[in-house]
1. Amide H neighbours of Phe124 under 5 Å, counting only residues 5+ apart in sequence or on other chains, H built in-plane at 1.01 Å?
2. Could the peptides 10-16, 189-195, 160-166, 58-64 be put in order, highest first, of the mean number of other beta-carbon atoms found within 10 Å of their residues?
3. Percent relative contact order of the chain, based on C-alpha pairs within less than 8 angstrom and at least six residues apart?
4. Give, in nm to one decimal, the length gained when the segment between Arg194 and Glu32 is fully stretched (0.36 nm per residue of separation minus the Cα-Cα distance).
5. Using +1 at the C-beta of Lys and Arg and -1 at the C-beta of Asp and Glu, which of Gln81, Gln91, Pro64 has the Cα lying farthest in the positive direction of the dipole of the stretch 54-103?
6. Can you give me the long-range amide H partners of His54? Hydrogens built in the peptide plane at 1.01 Å from N, cutoff under 5 Å, separation of 5 or more residues or another chain.
7. If you line up the Cα atoms of the chain on their principal axes, what length do they span on each, largest first, in Å?
8. Tabulate in residue order the Karplus-calculated ³J(HN,Hα) for the stretch 99-104, using 6.51 cos²θ - 1.76 cosθ + 1.60 with θ = phi - 60°, rounded to whole Hz; enter x for Gly and Pro.
Amino acid sequence: MNFQLAQDKDPYPNLPIELGRQGEGVGRWVPEMKHTYLAKYVEATRRAREKYRHRIFVDLFCGPGRIQVKDEQITRHGGAQIAWQHSKLDQVQFTSCLVGDLDEERASACGQRLTALGAPVKFFPGPAASTVDQVLKEIPQNALCLVYLDPYNLQYLSFSIIEKLSRLKRVDFAIHFSTMDLRRNVLMEYNPERARFDLAAPGWRDHIDPKAFVRGDADEAFFEYWCGLVTALGFTISQRIPLIRDDGNRPLYHLVFFSRHPLPNKIWGEVAQGVNREFNF
């Protein structure tokens with residue numbers, strides 16, 4: 001496969017763009033790792049999509065649909081735009097792109113940019129834990145769905161979102177699990193008066209040995225518990241879980257992929273061996 005990350009000029013340069021938490025631009029790892037893994041997976045699963053009349057892409061933390069990398073003058077596609085562009089290989093593009101964001105202006109911007117690329121899109125402003133119910137109503141029963149979730153902080157990754165979407169018959173998940181947020185705050189969040197992580201992994205305090213905090217591996221125990229919640233829904237988590245790091249080599253995200261069917265996990269396992277690795281399907 002000759003893989004290239006599709007780019008186009010911004011059709012709406014006056015709409016918001018994603019500049020990262022500090023407003024200085026996102027890290028280079030966003031296009032070079034996060035978006036590249038997504039694009040490669042979408043391309044690699046084109047044969048599987050051929051079998052389905054309804055092919056759905058879901059992104060409930062879509063942002064404005066355009067990013068600017070730190071120290072770059074140009075802007076680039078957001079994750080939803082990357083997924084759409086790379087789904088068009090061999091005419092098996094997604095038949096519906098369902099995107100949402102907490103900020104209505106950003107959700108609308110993402111929707112407009114997808115529409116400009118020719119995507120059939122609906123956008124849903126509001127918290128993902130609420131908009132997921134609206135999104136589910138838009139998905140036909142026999143659809144093949146790819147759910148891409150990339151929240152800034154772990155607290156927004158409510159497990160109820162995954163639970164509700166797991167009711168779909170054919171659904172695969174690619175989730176950015178915020179390792180940095182977890183490592184920075186898990187000790188404070190063990191205080192029952194705090195609740196930032198409670199929706200992300202319900203009951204986690206009852207399943208993590210307090211000694212883990214002494215050993216310094218409470219974050220790993222939390223992540224393993226969360227993975228257990230996922231597998232209890234009937235999914236198998238791919239053994240390939242890339243750890244995305246920033247320019248200072250600090251861990252930012254685990255990129256977790258899971259599915260009920262072995263084929264998507266097999267494909268992800270190949271894709272996630274490395275962003276520069278050649279692969280054949």
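The values are calculated or read from the model by the stated rules, or taken from the named source; none is laboratory data. These numbers come from a predicted model, not from an experiment. Neighbour counts are summed over all protein chains in view; Cβ atoms, including those assigned to glycine, are modelled from backbone coordinates with ideal geometry. Ligands, DNA and RNA are stripped out before the accessible areas are found, and what is left, the full protein with its side chains, is counted by its heavy atoms. Shrake-Rupley method; radii C 1.70, N 1.55, O 1.52, S 1.80 Å.
1. Val99, Gly100, Asp101
2. The packing order, highest mean first, is 58-64, 160-166, 10-16, 189-195.
3. 17 percent
4. Using 0.36 nm per residue and subtracting the Cα-Cα distance, I get 54.8 nm.
5. Farthest along the dipole direction, towards plus: Gln91.
6. Answer set, sorted by chain and number: Leu144.
7. Principal extents (largest minus smallest coordinate, Cα): 53, 41, 38 Å.
8. Using θ = phi - 60°, the values come out as 10, x, 7, 4, 8, 4 Hz.
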